[in-house]
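Please treat every number below as a calculation from the coordinates, not as lab data. No experiment lies behind these values; they were computed from the predicted model shown. Glycine gets a Cβ as well: all are built from the backbone with ideal geometry, and neighbour counts include every protein chain shown.
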Amino acid sequence: TEEDWQPLRRFGDVVYIERSFVSRDELLEIIKEKDYLLLNRDVVKDLDEVFYKTVHARSFPLKAISADYTDISWAHPNLAKKYGVKLFNVPNYSTISVAEFTIASLLIHVKKLHPLMKGKKIMTPMKNDVVLDKTLGIVGLGNIGTRMSELALGLGMNIIGWNRTPKKIVGVRI
């Protein structure tokens, strides 16, 4: 609602557009004189060099982009940096969802349920198709990796984790 945008309006002009897709050219027109862009990743699929060159060349260059997404690789961080645009993601945006999806994918694989997803019948899962006492390796123990370790520990799995900065998580062997 319009009321939801009021806190942001105290910082400047806010334009809200409810659409399922915006092309690069439409986006460039929308943000013609804006210095900050908050994006929904599902609406803008890719920010390419033409986009960055255009916003850099104008008299009022774009300063920053935020997206409601954990990963910002789709926004091409090297191009953003090259053209002086700062990129921000939303920390913890979908931590639980991503961790649960990953664990669900693991269970589908271990239980050999892929045929079910294609509408085919399968045999009853065998007793040895379990994750109990199996070992899961997690590279990256940030928010998502930590949540995955918690879920996997709840399933009785052994966890080996790695993180570029030392981190202790109960039940995870580093």
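Suppose every K and R has +1 on its Cβ and every D and E has -1 on its Cβ; what is the size of the dipole of the chain about the Cα centre, in Debye to the nearest 20?
Dipole about the Cα centre, nearest 20: 920 debye.
Cut-off 10 angstrom, C-alpha nodes, Gaussian network model of the chain. Which of SER97, SER20, SER73 fluctuates the most?
Highest fluctuation of the listed residues: SER20.
Please list, ordered by chain and number, the residues whose modelled amide H lies under 5 Å from the amide H of LEU136; skip anything fewer than 5 residues away on the same chain.
HN-HN under 5 Å from LEU136: ASN158, ILE159, ILE160.
Tell me, what ³J(HN,Hα) does each residue in segment 72-86 have, in order and in whole Hz, if you take phi through Karplus 6.51 cos²θ - 1.76 cosθ + 1.60 with θ = phi - 60° and put x for Gly and Pro?
Rounded to whole hertz, the list is 10, 4, 4, 8, 6, x, 5, 5, 4, 5, 4, 9, x, 9, 7.
Once the Cα atoms of helix 95-110 and of the chain are each reduced to a long axis, what angle between those two axes, in degrees from 0 to 90 to the nearest 10, is obtained?
On a 0 to 90 degree scale, this one is about 40.
Whose amide H sits under 5 Å from the amide H of SER66, counting only residues 5 or more places off or on another chain, with H placed in the peptide plane?
So SER66 has HN proximity to LEU37, LEU38, LEU39, PHE88.
Among LYS34/LYS82; LYS111/LYS167; LYS32/LYS82; LYS134/LYS167; LYS111/LYS168; LYS63/LYS167, which pairs are too far apart, with a Cα-Cα distance over 26 Å?
Going by Cα-Cα distance, LYS111/LYS167; LYS111/LYS168; LYS63/LYS167 fall outside the 26 Å limit.
Between ALA57, THR70, SER94, whose Cα lies farthest towards the positive end of the dipole of segment 24-103 when Lys and Arg beta carbons carry +1 and Asp and Glu beta carbons carry -1, centred on the Cα centre?
ALA57
With +1 assigned to the C-beta of every Lys and Arg and -1 to the C-beta of every Asp and Glu, and no other charges, what is the dipole magnitude of segment 75-174 about the Cα centre in debye, to the nearest 20?
300
Over all pairs of distinct alpha carbons, what does the Kirkwood formula give as the hydrodynamic radius of segment 1-91, in Å?
13.6
Please report, in whole Å, how far the alpha carbons of the chain spread along each principal axis, starting with the longest.
66, 44, 35
Mind checking segment 2-45 for GluC sites (Glu not before Pro) that DSSP puts in a loop (not H, G, I, E or B) and that have at most 14 other Cβ atoms within 10 Å?
Sparse-neighbourhood loop GluC sites (Glu not before Pro): GLU18, GLU33.
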